[in-house]
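The block underneath contains the structure these notes are about, expressed in C-alpha coordinates.
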Amino acid sequence: MIGSVAFAGLGSVGAIYAQLASRQKDVPCFAVVRETESFGRQPVSVNGERLDIPLRTPEQVHAAADLILIAVKWHALADALEQIAPAVGPGTVILSLLNGISSEQVIARRFPQASVLYAFGSGIDANRVGRAVRMNRRGRIVFGPRTEGQEADTAAVQAYFERAGIPHEVSCEMQRELWWKLMVNVGMNQVSAVMDLNFGDFRRSEEALCRMRRAQREVIAVANAQGIAMDERDIGRWERQLAGLSADGLSSTLQDVRAHRKTEVELYGGEICRLGEILGVPTPVNAELLRRIREIEASF
(Lines give C-alpha, C1' and ligand atoms only; values in the text may rest on other atoms or scores of the structure.)
Protein backbone atom coordinates (compact mmCIF):
# COMPACT_ATOMS: atom_id res chain seq x y z
CA MET A 1 0.00 0.00 0.00
CA ILE A 2 1.25 3.46 -0.91
CA GLY A 3 1.11 5.71 2.16
CA SER A 4 3.41 8.58 1.10
CA VAL A 5 4.56 10.00 -2.22
CA ALA A 6 7.50 12.19 -3.22
CA PHE A 7 8.18 14.04 -6.46
CA ALA A 8 11.53 14.98 -7.97
CA GLY A 9 11.05 17.56 -10.70
CA LEU A 10 8.19 20.03 -11.04
CA GLY A 11 8.44 20.85 -14.72
CA SER A 12 5.52 20.25 -17.06
CA VAL A 13 5.25 16.51 -16.43
CA GLY A 14 5.99 16.53 -12.72
CA ALA A 15 3.68 19.45 -12.01
CA ILE A 16 0.57 18.06 -13.70
CA TYR A 17 0.77 14.78 -11.78
CA ALA A 18 1.83 16.43 -8.52
CA GLN A 19 -1.29 18.59 -8.82
CA LEU A 20 -3.48 15.47 -8.73
CA ALA A 21 -1.44 13.86 -5.94
CA SER A 22 -1.76 16.99 -3.80
CA ARG A 23 -5.55 16.69 -3.92
CA GLN A 24 -5.45 13.14 -2.50
CA LYS A 25 -5.47 14.25 1.13
CA ASP A 26 -5.33 10.81 2.75
CA VAL A 27 -1.93 10.11 1.15
CA PRO A 28 0.61 12.80 2.03
CA CYS A 29 2.91 13.96 -0.73
CA PHE A 30 5.81 16.36 -1.07
CA ALA A 31 8.38 17.51 -3.60
CA VAL A 32 12.11 17.36 -3.01
CA VAL A 33 13.84 20.53 -4.24
CA ARG A 34 17.33 21.95 -3.95
CA GLU A 35 16.03 25.10 -2.22
CA THR A 36 12.61 26.53 -1.41
CA GLU A 37 13.10 30.29 -1.44
CA SER A 38 12.76 30.82 -5.18
CA PHE A 39 9.48 28.88 -5.22
CA GLY A 40 8.04 31.52 -2.90
CA ARG A 41 8.94 34.23 -5.39
CA GLN A 42 7.91 32.18 -8.43
CA PRO A 43 5.52 29.35 -7.50
CA VAL A 44 4.66 26.43 -9.75
CA SER A 45 1.21 26.67 -11.35
CA VAL A 46 -0.84 24.49 -13.68
CA ASN A 47 -3.38 26.30 -15.84
CA GLY A 48 -3.28 29.26 -13.47
CA GLU A 49 -3.79 27.18 -10.31
CA ARG A 50 -0.91 27.37 -7.85
CA LEU A 51 0.52 23.94 -7.07
CA ASP A 52 -0.24 23.27 -3.41
CA ILE A 53 2.39 20.72 -2.41
CA PRO A 54 4.88 20.85 0.47
CA LEU A 55 8.45 21.53 -0.65
CA ARG A 56 11.35 19.97 1.22
CA THR A 57 15.08 20.22 0.77
CA PRO A 58 17.05 16.98 1.16
CA GLU A 59 17.99 18.06 4.69
CA GLN A 60 14.30 18.34 5.55
CA VAL A 61 13.46 14.78 4.47
CA HIS A 62 13.53 12.56 7.54
CA ALA A 63 11.61 9.47 6.40
CA ALA A 64 11.47 7.30 3.32
CA ALA A 65 8.56 7.65 0.91
CA ASP A 66 6.61 4.65 -0.33
CA LEU A 67 6.54 5.98 -3.90
CA ILE A 68 8.80 8.44 -5.72
CA LEU A 69 8.07 9.86 -9.16
CA ILE A 70 11.09 11.32 -10.94
CA ALA A 71 10.30 13.83 -13.69
CA VAL A 72 13.50 15.71 -14.47
CA LYS A 73 15.55 16.10 -17.64
CA TRP A 74 18.24 13.52 -18.31
CA HIS A 75 21.11 15.90 -17.59
CA ALA A 76 19.58 16.66 -14.17
CA LEU A 77 19.09 13.03 -13.16
CA ALA A 78 22.34 12.55 -11.25
CA ASP A 79 21.68 15.60 -9.06
CA ALA A 80 18.04 14.57 -8.56
CA LEU A 81 19.09 11.13 -7.32
CA GLU A 82 21.33 12.66 -4.68
CA GLN A 83 18.53 14.99 -3.59
CA ILE A 84 15.98 12.20 -3.15
CA ALA A 85 18.41 9.83 -1.42
CA PRO A 86 17.01 10.60 2.08
CA ALA A 87 13.53 9.63 0.81
CA VAL A 88 14.61 6.23 -0.51
CA GLY A 89 14.32 3.28 1.84
CA PRO A 90 14.12 -0.49 1.48
CA GLY A 91 11.18 -1.24 -0.79
CA THR A 92 10.56 2.36 -1.91
CA VAL A 93 8.94 2.13 -5.34
CA ILE A 94 10.41 4.50 -7.93
CA LEU A 95 8.89 5.47 -11.28
CA SER A 96 11.04 7.37 -13.74
CA LEU A 97 9.10 9.56 -16.15
CA LEU A 98 12.25 10.54 -18.02
CA ASN A 99 12.55 10.14 -21.75
CA GLY A 100 14.83 7.53 -23.25
CA ILE A 101 15.50 3.91 -22.33
CA SER A 102 18.32 4.22 -19.80
CA SER A 103 17.12 6.00 -16.66
CA GLU A 104 15.70 2.96 -14.87
CA GLN A 105 19.06 1.19 -15.00
CA VAL A 106 20.82 4.29 -13.64
CA ILE A 107 18.32 4.62 -10.79
CA ALA A 108 18.45 0.92 -9.92
CA ARG A 109 22.24 1.03 -9.68
CA ARG A 110 22.07 4.05 -7.37
CA PHE A 111 19.31 2.61 -5.17
CA PRO A 112 19.57 -1.21 -5.12
CA GLN A 113 17.32 -1.27 -2.05
CA ALA A 114 14.42 0.28 -4.04
CA SER A 115 11.92 -1.27 -6.43
CA VAL A 116 12.36 0.54 -9.75
CA LEU A 117 9.51 -0.03 -12.23
CA TYR A 118 9.50 0.82 -15.91
CA ALA A 119 7.42 3.92 -16.67
CA PHE A 120 6.91 6.85 -19.03
CA GLY A 121 4.39 9.59 -19.70
CA SER A 122 2.26 9.24 -22.83
CA GLY A 123 -0.03 11.68 -24.62
CA ILE A 124 0.98 14.64 -22.45
CA ASP A 125 0.35 18.01 -24.10
CA ALA A 126 1.72 20.79 -21.91
CA ASN A 127 3.92 23.86 -22.33
CA ARG A 128 5.93 25.60 -19.63
CA VAL A 129 7.13 29.18 -19.30
CA GLY A 130 9.22 29.58 -16.18
CA ARG A 131 7.23 27.66 -13.58
CA ALA A 132 3.85 28.31 -15.19
CA VAL A 133 2.54 25.17 -16.91
CA ARG A 134 -0.24 25.33 -19.47
CA MET A 135 -1.75 21.87 -19.82
CA ASN A 136 -3.91 20.95 -22.78
CA ARG A 137 -3.91 17.22 -22.13
CA ARG A 138 -2.77 15.41 -18.99
CA GLY A 139 -1.96 12.19 -20.81
CA ARG A 140 -1.26 9.12 -18.70
CA ILE A 141 1.53 7.26 -16.96
CA VAL A 142 2.30 3.91 -18.57
CA PHE A 143 4.14 1.59 -16.20
CA GLY A 144 4.81 -2.01 -15.33
CA PRO A 145 7.29 -4.50 -13.86
CA ARG A 146 10.98 -4.21 -14.74
CA THR A 147 12.02 -7.47 -13.08
CA GLU A 148 10.33 -10.57 -11.78
CA GLY A 149 8.63 -10.24 -8.42
CA GLN A 150 7.41 -6.65 -8.87
CA GLU A 151 3.76 -7.55 -9.38
CA ALA A 152 2.75 -6.47 -5.86
CA ASP A 153 4.51 -3.13 -6.23
CA THR A 154 2.87 -2.59 -9.60
CA ALA A 155 -0.55 -3.33 -8.10
CA ALA A 156 0.09 -0.95 -5.17
CA VAL A 157 0.99 1.90 -7.53
CA GLN A 158 -2.06 1.16 -9.67
CA ALA A 159 -4.32 1.28 -6.61
CA TYR A 160 -2.82 4.61 -5.56
CA PHE A 161 -3.18 6.12 -9.04
CA GLU A 162 -6.82 5.07 -9.08
CA ARG A 163 -7.45 6.77 -5.71
CA ALA A 164 -5.59 9.91 -6.76
CA GLY A 165 -7.26 10.09 -10.18
CA ILE A 166 -3.93 9.92 -12.00
CA PRO A 167 -4.54 8.57 -15.53
CA HIS A 168 -2.50 5.43 -16.06
CA GLU A 169 -2.06 2.21 -17.97
CA VAL A 170 -0.36 -0.97 -16.75
CA SER A 171 1.64 -2.87 -19.36
CA CYS A 172 3.44 -6.20 -19.21
CA GLU A 173 5.44 -5.31 -22.35
CA MET A 174 7.26 -2.29 -20.98
CA GLN A 175 10.51 -2.72 -22.89
CA ARG A 176 8.63 -2.54 -26.16
CA GLU A 177 6.55 0.38 -24.87
CA LEU A 178 9.70 2.27 -23.89
CA TRP A 179 11.09 1.76 -27.38
CA TRP A 180 7.83 3.01 -28.85
CA LYS A 181 8.10 6.19 -26.76
CA LEU A 182 11.73 6.58 -27.87
CA MET A 183 10.60 6.22 -31.48
CA VAL A 184 8.02 8.96 -30.92
CA ASN A 185 10.55 11.35 -29.41
CA VAL A 186 13.23 10.62 -31.99
CA GLY A 187 10.88 11.59 -34.78
CA MET A 188 8.62 14.26 -33.30
CA ASN A 189 10.92 16.07 -30.91
CA GLN A 190 13.99 16.23 -33.10
CA VAL A 191 12.26 17.20 -36.34
CA SER A 192 9.98 19.77 -34.70
CA ALA A 193 13.01 21.37 -33.00
CA VAL A 194 15.04 21.55 -36.21
CA MET A 195 12.12 22.90 -38.27
CA ASP A 196 10.64 25.05 -35.45
CA LEU A 197 7.10 23.69 -35.88
CA ASN A 198 4.25 23.44 -33.38
CA PHE A 199 1.96 20.41 -33.55
CA GLY A 200 -0.51 22.02 -35.93
CA ASP A 201 2.14 23.21 -38.41
CA PHE A 202 3.88 19.85 -38.11
CA ARG A 203 0.74 17.96 -39.10
CA ARG A 204 0.34 20.21 -42.17
CA SER A 205 3.94 19.82 -43.32
CA GLU A 206 4.54 16.81 -45.56
CA GLU A 207 8.28 17.48 -45.32
CA ALA A 208 8.16 17.29 -41.52
CA LEU A 209 6.06 14.13 -41.54
CA CYS A 210 8.40 12.44 -44.03
CA ARG A 211 11.50 13.35 -42.00
CA MET A 212 9.79 12.11 -38.85
CA ARG A 213 8.91 8.77 -40.43
CA ARG A 214 12.42 8.27 -41.81
CA ALA A 215 13.94 8.95 -38.38
CA GLN A 216 11.44 6.62 -36.73
CA ARG A 217 12.14 3.82 -39.21
CA GLU A 218 15.76 3.93 -38.10
CA VAL A 219 14.60 3.42 -34.51
CA ILE A 220 12.51 0.45 -35.62
CA ALA A 221 15.53 -1.04 -37.42
CA VAL A 222 17.74 -0.64 -34.33
CA ALA A 223 15.01 -2.08 -32.09
CA ASN A 224 14.55 -5.07 -34.41
CA ALA A 225 18.31 -5.69 -34.34
CA GLN A 226 18.03 -5.98 -30.56
CA GLY A 227 15.10 -8.38 -30.71
CA ILE A 228 12.38 -5.76 -30.01
CA ALA A 229 9.48 -6.37 -32.39
CA MET A 230 8.38 -3.09 -33.96
CA ASP A 231 7.07 -2.16 -37.41
CA GLU A 232 5.20 0.49 -39.41
CA ARG A 233 2.09 0.03 -37.28
CA ASP A 234 3.95 1.70 -34.42
CA ILE A 235 4.39 4.83 -36.52
CA GLY A 236 0.68 4.76 -37.32
CA ARG A 237 -0.14 4.45 -33.63
CA TRP A 238 1.87 7.61 -32.95
CA GLU A 239 0.33 9.54 -35.85
CA ARG A 240 -3.14 8.85 -34.49
CA GLN A 241 -2.03 10.32 -31.17
CA LEU A 242 -0.40 13.30 -32.91
CA ALA A 243 -3.71 14.09 -34.61
CA GLY A 244 -5.30 14.77 -31.21
CA LEU A 245 -2.68 17.17 -29.83
CA SER A 246 -3.44 20.88 -29.61
CA ALA A 247 -2.44 22.79 -32.74
CA ASP A 248 -0.40 25.38 -30.82
CA GLY A 249 1.33 22.80 -28.60
CA LEU A 250 5.09 22.32 -28.71
CA SER A 251 7.28 19.27 -28.29
CA SER A 252 9.46 19.34 -25.18
CA THR A 253 12.61 19.65 -27.30
CA LEU A 254 11.26 22.64 -29.18
CA GLN A 255 10.28 24.22 -25.86
CA ASP A 256 13.87 23.72 -24.69
CA VAL A 257 15.27 25.21 -27.89
CA ARG A 258 13.05 28.29 -27.74
CA ALA A 259 13.95 28.79 -24.07
CA HIS A 260 17.66 28.26 -24.81
CA ARG A 261 17.77 25.27 -22.47
CA LYS A 262 19.88 22.16 -22.94
CA THR A 263 17.88 19.54 -24.86
CA GLU A 264 17.73 15.76 -24.47
CA VAL A 265 18.92 15.08 -28.01
CA GLU A 266 21.63 12.73 -26.72
CA LEU A 267 18.81 10.45 -25.52
CA TYR A 268 17.23 10.52 -28.97
CA GLY A 269 19.48 10.75 -32.01
CA GLY A 270 22.56 10.30 -29.85
CA GLU A 271 21.35 6.98 -28.45
CA ILE A 272 20.10 5.66 -31.79
CA CYS A 273 23.32 6.57 -33.59
CA ARG A 274 25.40 4.95 -30.84
CA LEU A 275 23.38 1.74 -30.88
CA GLY A 276 23.21 1.74 -34.67
CA GLU A 277 27.00 1.84 -34.88
CA ILE A 278 27.32 -1.05 -32.42
CA LEU A 279 24.69 -3.14 -34.22
CA GLY A 280 25.69 -2.26 -37.77
CA VAL A 281 22.41 -0.46 -38.51
CA PRO A 282 22.70 2.73 -40.63
CA THR A 283 21.19 5.84 -38.99
CA PRO A 284 21.91 8.76 -41.38
CA VAL A 285 18.68 10.66 -40.68
CA ASN A 286 19.27 10.67 -36.95
CA ALA A 287 22.92 11.57 -37.45
CA GLU A 288 21.86 14.68 -39.36
CA LEU A 289 19.19 15.65 -36.83
CA LEU A 290 21.68 15.14 -34.01
CA ARG A 291 24.22 17.36 -35.78
CA ARG A 292 21.67 20.10 -36.39
CA ILE A 293 20.40 20.20 -32.79
CA ARG A 294 23.92 20.20 -31.42
CA GLU A 295 24.58 23.23 -33.61
CA ILE A 296 21.45 24.93 -32.30
CA GLU A 297 22.51 24.27 -28.70
CA ALA A 298 25.99 25.63 -29.39
CA SER A 299 24.43 28.91 -30.55
CA PHE A 300 22.70 29.59 -27.21
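Each residue of the range 57-71 in turn: what ³J(HN,Hα) in whole Hz from Karplus with 6.51, -1.76, 1.60 and θ = phi - 60°, glycine and Pro shown as x?
Result, ordered by residue: 6, x, 5, 9, 8, 10, 8, 6, 8, 6, 9, 10, 10, 9, 9 Hz.
Using +1 at the C-beta of Lys and Arg and -1 at the C-beta of Asp and Glu, which of G121, L254, P58 has the Cα lying farthest in the positive direction of the dipole of the chain?
Checking the options against the dipole of the chain, the answer is L254.
At 1.4 Å probe radius, can you tell me the per residue accessible area of the chain in Å²?
Values: 12680 Å² over 300 residues.
With the other protein chains kept in place, the chain gives 42 Å² per residue.
Which one, M230, M195, M183, has the greatest fluctuation when you compute a Gaussian network model over the chain with C-alpha springs under 10 angstrom?
M195
Over its Cα atoms, what ratio of radius of gyration to 2.2 N^0.38 Å does the range 203-300 give?
Details: Rg = 14.3 Å, N = 98, 2.2 N^0.38 = 12.6 Å.
The value comes to 1.14.
Taking amide H atoms as placed 1.01 Å from N in the peptide plane, list the residues 5 or more away in sequence, or in a different chain, whose amide H sits under 5 Å from that of S115.
G91, T92, V93, I94
Can you order the peptides 201-210, 131-140 by their average number of other Cβ atoms within 10 Å per residue, highest first?
Details: 201-210: 14.6, 131-140: 18.4.
Result, highest mean first: 131-140, 201-210.
Need one number: % antiparallel among DSSP beta bridges in the chain, to the nearest 5. Display every interim value, and only then the final one.
Working: 12 of 34 bridges.
Percentage antiparallel, nearest 5: 35.
Tell me the carbon and sulfur percent of the accessible area for the range 1-135, rounded to whole percent, probe radius 1.4 Å. Walk me through the numbers before you get to the answer.
Working: 2820 of 5430 Å².
Of all accessible area on the range 1-135, carbon and sulfur atoms account for 52 percent.
Could you pull out every one of the aspartates and glutamates with an alpha carbon less than 20 Å from that of K25, ignoring same-chain neighbours closer than 8 positions?
E49, D52, D66, E162
Below 8 Å, C-alpha to C-alpha, sequence gap of six or more: please give me the relative contact order for the range 65-124 in percent.
Working: 79 pairs, mean separation 22.4, N = 60.
After rounding, I find 37 percent.
To make sure I understand the rule: partners must be aspartates and glutamates, Cα under 13 Å from the Cα of K262, and not fewer than 8 residues away in the same chain. Which ones qualify?
By straight Cα distance, K262 reaches E295, E297.
Distance between the C-alpha centers of the range 1-79 and the range 215-291? Whole Å please.
Centre-to-centre distance over Cα atoms comes out at 29 Å.
If you keep only loop residues by DSSP, which GluC sites (Glu not before Pro) in the range 1-55 have at most 15 other Cβ atoms within 10 Å of their Cβ?
On the way: sites: E35, E37, E49; in loops: E35.
In loop regions of the range 1-55 (DSSP not H, G, I, E or B), the sparsely surrounded GluC sites (Glu not before Pro) are E35.
Distance between the C-alpha centers of the range 80-122 and the range 181-213? Whole Å please.
That distance is 30 Å.
So what is the relative contact order for the range 113-254, in percent, with contacts set as C-alpha pairs under 8 Å and at least six apart?
Working: 186 pairs, mean separation 36.3, N = 142.
Value for the range 113-254: 26 percent.
Can you pull the accessible area of C172 for me, 1.4 Å probe, Å² to the nearest 10?
130 Å²
Only bridges with both residues in the range 43-140 count here: give the DSSP antiparallel percent, nearest 5. Walk me through the numbers before you get to the answer.
On the way: 8 of 17 bridges.
Around 45 percent of the beta bridges assigned by DSSP in the range 43-140 are antiparallel ones.
What ranking do 16-23, 239-246, 102-109 get when scored by the average of other Cβ atoms within 10 Å per residue, highest first?
Details: 16-23: 21.5, 239-246: 14.5, 102-109: 17.6.
Highest mean packing first, the order is 16-23, 102-109, 239-246.
Within the chain, which DSSP H helices have Cα atoms that stretch 24 Å or more along the helix axis and a mean Kyte-Doolittle hydropathy of at least -1.0?
Those that pass (Cα extent of 24 Å or more, hydropathy at least -1.0) are 174-195, 206-225.
In nm, to one decimal, how far is the modelled label at A152 from the one at R23, with both set 7 Å along Cα→Cβ?
Taking the two extended label points, one gets 3.2 nm.
Report, in deg cm²/dmol and to the nearest 500, the calculated mean residue ellipticity at 222 nm for the chain, where each DSSP H run with n ≥ 4 adds -39500 (n - 2.57) and the sum is divided by the residue count.
-14000 deg cm²/dmol
The values are calculated or read from the model by the stated rules, or taken from the named source; none is laboratory data. Keep in mind it's a predicted model, so treat the numbers as computed, not measured. When we count neighbours, we look across all protein chains shown, and the Cβ atoms used for this are built from the backbone with ideal geometry, even at glycine. All accessible areas refer to the heavy atoms of the entire protein, side chains included, with ligands and DNA or RNA removed. Shrake-Rupley method; radii C 1.70, N 1.55, O 1.52, S 1.80 Å.
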